[in-house]
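Beneath this line is the structure, given in structure tokens, with notes to follow.
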Amino acid sequence: MSHSIRVTTPQNVNIDFSLATVGERILAGFLDIIFIVILSSILSLIAVEIENALFGGPTGWIVFIVVTPLFFYTLLLEAFWNGQTLGKRILRIKVIALDGARLTLGSCTQRWVMRIVDVWFSVAGAVPGLLASMFIIISNKGQRIGDTVANTTVITTKKRSSVRNSAFVRLKKSYEPQYPQAAQLRPQDIVTLKEVIRLTTTNRKEINIDAAQHIQKILHITKQEPARDFLIKIVKDYNYYEQLKSEEDHQKS
């Protein structure tokens, strides 16, 4: 699953969005279930009182009429509340159309119908939502089956640090790079290396060694030095050349 997605609007404007995480989507769904249970309980109590007043006892008809719309809770809110349910609004995530157009009732209906497969159908039905989570994780666009059918995805409206910012490290003015090949790496590669450096200890040297060998292979570096030291230098050298490039671009503008 990628962390972001680019959507081209009908006006040919490219907009980058951060995708909602699986955890955010699951938590939003859990909150929605809580809201539905609370609302249905309150409405049922009110409906029973009305039935008692009108018919001298509960008949179930008014309860049915009042509670049935909650069955379409997700569909109606996403379609008419800017792609959000109460749970999504709290988690600050929303459904969007990948063609850049406004979310339609038709696409929301497609997502809603496919929830039968995505959410309630999983391995022996033991874990509701497992299938949806698996598809979201493996999809480059963060889509469950219903999203694929409806050409939608779920994004976050929260501001997140960009991958480029996450790759940044502060360097001394006197810093001298040793590996110009580091400039060939992508910001996400550096973020991964920073995480490897942060997590590994002297007892986990093999992870540093594997990462160092991989970087040496793709950058065609033959110089040998301790793996952890090498990775730290690669991260710093990447930042050196990125910051140098930014300075040059700023001078040109």
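Overview of values
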read-out: Candidates 59, 9 - the one that is modelled with pLDDT under 90, hydroxyl-bearing (Ser, Thr, Tyr), farther than 23 Å from residue 156 by Cβ and assigned by TED's automatic domain parsing to the domain that holds residue 130; value: 59
read-out: Breaking point among (1) crowded, with 17+ Cβ neighbours inside 10 Å; (2) more than 30 Å from residue 102 (Cα to Cα), for residue 57; value: (1)
read-out: Pair list, Cβ under 8 Å, 6 or more apart: the stretch 69-95 residue assigned by TED's automatic domain parsing to the domain that holds residue 30, other residue part of a loop (DSSP other than H, G, I, E, B) and aromatic (Phe, Trp, Tyr); value: 89/81
read-out: Criterion violated by residue 100 - all others in (1) part of a helix (DSSP H, G or I); (2) within 17 Å of residue 157 (Cα to Cα); (3) in contact (Cβ under 8 Å) with a residue 24 or more places away in the chain; (4) not hydrophobic (A, V, I, L, M, F, W, C) satisfied; value: (1)
read-out: Close pairs from the stretch 30-41: first within 14 Å of residue 91 (Cα to Cα), partner surrounded by fewer than 16 Cβ atoms within 10 Å (Cβ to Cβ), Cβ under 7 Å, at least 6 apart; value: 31/90
read-out: Set 42, 33: member being surrounded by 11 or more Cβ atoms within 10 Å (Cβ to Cβ), assigned by TED's automatic domain parsing to the domain that holds residue 107, at pLDDT 85 or above and within 18 Å of residue 112 (Cβ to Cβ); value: 33
read-out: Flag for residue 237 being under 15 Å from residue 190 (Cα atoms) and either out of contact with any Cys (no Cβ under 7 Å at 6 or more places or on another chain) or of a type outside the set (S, T, N, Q) (or both); value: yes
read-out: Residues located in the stretch 72-87, provided they are of a type outside the set (Phe, Trp, Tyr) and outside any helix (DSSP H, G or I); value: 82, 83, 84, 85
read-out: From the options 38, 34, 42, 26, residue that is out of contact with any helix residue (DSSP H, G or I) (no Cβ under 6 Å at 6 or more places or on another chain), within 30 Å of residue 187 (Cβ to Cβ) and part of a helix (DSSP H, G or I); value: 26
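The values are calculated or read from the model by the stated rules, or taken from the named source; none is laboratory data. Owing to the predicted nature of the structure, the values given are computational and were not obtained by experimental measurement. Neighbour counts run over all protein chains shown; Cβ positions are idealised from the backbone, glycine included.
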